[in-house]
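Remarks on the structure that follows.
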Amino acid sequence: MTPTHHVPEHALVEFVTGAGTEGAALAFACHVALCLKCAAEVASLEGLAGTILAAGAGQDLAAGALEAILARLDETPQLPAASRPAPSAPAFLAPCKLPAALLSVLPRNDGWRTVVPGMRVVDLPIVVPDGAVRLVRFKGGVTIPFHDHGGPEYIVVFTGALEEEDDGRRFARGDVSIRLPGERHEQRAVPGEPCVALVVNEGALRPLTLRGRLLLAIARAQGPRRK
Amino acid sequence: MEAASFPIRPAAPRRFAGASVGPPVESRVDEAAWLEAIATRADRAAFAQLFRRYAPKIKAHLRARGAAGAAADELTQEVMLVVWRKARLYDPARGSVAAWLYTISRNSLVNQARTARRRPDEAALADAFPEPDPPPTSEQALMAAQLRQSLAGSLSELPPEQREILEGAYWRGQTLQECAVERQIPLGTVKTRVRLALERLRGLMNGQARSTEE
């Protein structure tokens with residue numbers, strides 16, 4: 001299935017130049033891995049980056065730089081082709097077919113915990129002030145009550161689907177949802193199969209309902225597990 | 001003011017209107033051949049050629065993105081050592097050598113910043129992230145190849161206000177918000193200029209420049 005919700009072109013420019021945040025970069029890398037259209041777009045924007053690098057006026061390096069690096073080559077082993085074994089997912093996540101960008105940051109130890117009923121998370125090692133970067137497993141039918149965001153939110157769905165309560169827009173495998181502060185919404189995991197998604201919050205969630213505040217209080221009491 | 005800081009040389013005469021900028025075709029072939037020689041034969045002479053052509057450009061790029069003098073030299077060496085180590089991972093079907101070098105330079109800068117922020121036990125993960133997933137289908141590789149060509153259009157054909165934004169973003173690593181602040185224009189205007197610039201580059205490729213301010 002081809003995703004229907006994409007990363008906007010200007011955000012892909014920041015993805016290619018590396019100017020975006022680490023959380024956004026992870027989310028976009030996951031989307032791009034699952035989206036033919038955006039992968040082609042990224043390849044095209046990288047081509048432009050190469051053109052700009054090649055056209056740039058150089059600056060001389062310190063004298064002896066070439067000799068210095070040649071002297072270091074002997075102690076710099078070359079990787080064989082396809083050297084890196086693809087990181088593998090825990091068995092229960094295998095059906096999600098997580099992209100390599102996500103697997104490479106997934107903790108090897110089991111760090112899953114229930115934050116609120118129907119929602120299990122594992123923290124990914126990306127530090128966001130006041131926010132969180134997590135792989136989340138929503139039980140089918142679970143709702144995330146009406147809320148606002150203290151910072152940008154990026155969600156990429158890997159399996160199952162999330163649905164916006166107001167307009168019914170559906171985010172399924174590969175789809176990316178980008179929400180900015182002030183964009184309030186309520187989401188629901190589509191009933192049936194569980195939904196596994198990367199959820200990047202670059203700021204605190206701001207629940208706007210009593211139930212939401214209660215759930216957030218419960219979630220905070222669970223606390224992120226620290227090593 | 002910004003135009004003066006742009007490091008790209010004045011447009012060289014082109015053989016055809018709308019021909020691609022960047023190294024001519026023969027030198028792209030050279031570059032891919034150098035990388036293959038590095039990958040398959042640990043060819044130091046090929047590495048030296050690549051270093052002479054690109055290390056000064058990489059250094060200038062890293063400096064434009066904030067690396068100070070000696071640090072820019074050291075980081076350039078790091079980037080070129082990654083090229084030596086990972087030469088086998090370069091796939092000419094997926095992009096030009098210059099594009100690959102750009103992504104390695106970018107990743108080195110980004111990883112450096114992230115490693116400084118990360119808790120020590122997690123630093124080891126930093127290296128794994130940049131590897132992209134392999135393209136799932138040959139269809140994707142084909143699509144990517146076509147689109148890649150389409151943006152190697154002539155930057156010098158762009159109106160200065162559009163070119164400056166691409167320069168700020170690609171050469172200096174600015175976010176679009178930073179581009180907007182520096183130029184004292186709204187973020188929406190920056191996004192529009194990016195869109196128009198990319199449309200125009202693609203249009204030039206298709207021989208139908210159709211970019212107009214909306």
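Taken together, the values in this text are just the output of simple stated rules run on the coordinates, not laboratory data. None of these values were measured; they are calculated from a predicted model. We place every Cβ from the backbone using ideal geometry, glycine too, and count neighbours over all the protein chains shown.
On C-alpha positions alone, give me the angle between the axis of helix A:210-222 and the longest principal axis of chain A, in degrees, nearest 10.
It is inclined by approximately 60 degrees.
Can you find, among A:Val133, A:Cys195, A:Gly168, the residue farthest towards the positive end of the dipole of the range A:130-205? Put +1 on the C-beta of Lys and Arg, -1 on that of Asp and Glu.
It is A:Cys195, whose Cα lies furthest towards the positive end.
Beta carbons within 10 angstrom, averaged per residue: use that to sort the peptides B:198-204, A:181-187, A:129-135, highest first.
Details: B:198-204: 21.3, A:181-187: 14.6, A:129-135: 18.9.
Descending packing order for the listed peptides: B:198-204, A:129-135, A:181-187.
If packing is taken as the average number of other Cβ atoms within 10 Å across a peptide's residues, how do A:12-19, B:71-78 rank, most packed first?
Details: A:12-19: 24.1, B:71-78: 19.6.
Peptide ranking by packing, descending: A:12-19, B:71-78.
Quick check on packing: order B:49-60, A:53-64 by the mean number of other C-beta atoms within 10 Å, highest mean leading.
Details: B:49-60: 21.4, A:53-64: 17.1.
Averaged packing, sorted descending, gives the order B:49-60, A:53-64.
Let me have the 222 nm mean residue ellipticity of chain A computed from DSSP H runs of 4+ only, each contributing -39500 (n - 2.57), with the sum over all residues rounded to the nearest 500.
Only helices count here, giving -9000 deg cm²/dmol.
If you fit an axis through the alpha-carbon atoms of helix A:22-34 and take the longest principal axis of the Cα set of chain A, what angle between them do you get, 0 to 90°, nearest 10?
90 degrees
Partner chain Cβ atoms within 10 Å, averaged over the residues of B:85-95 - can you pull that number for me?
The mean count of partner-chain Cβ atoms within 10 Å per residue comes to 3.
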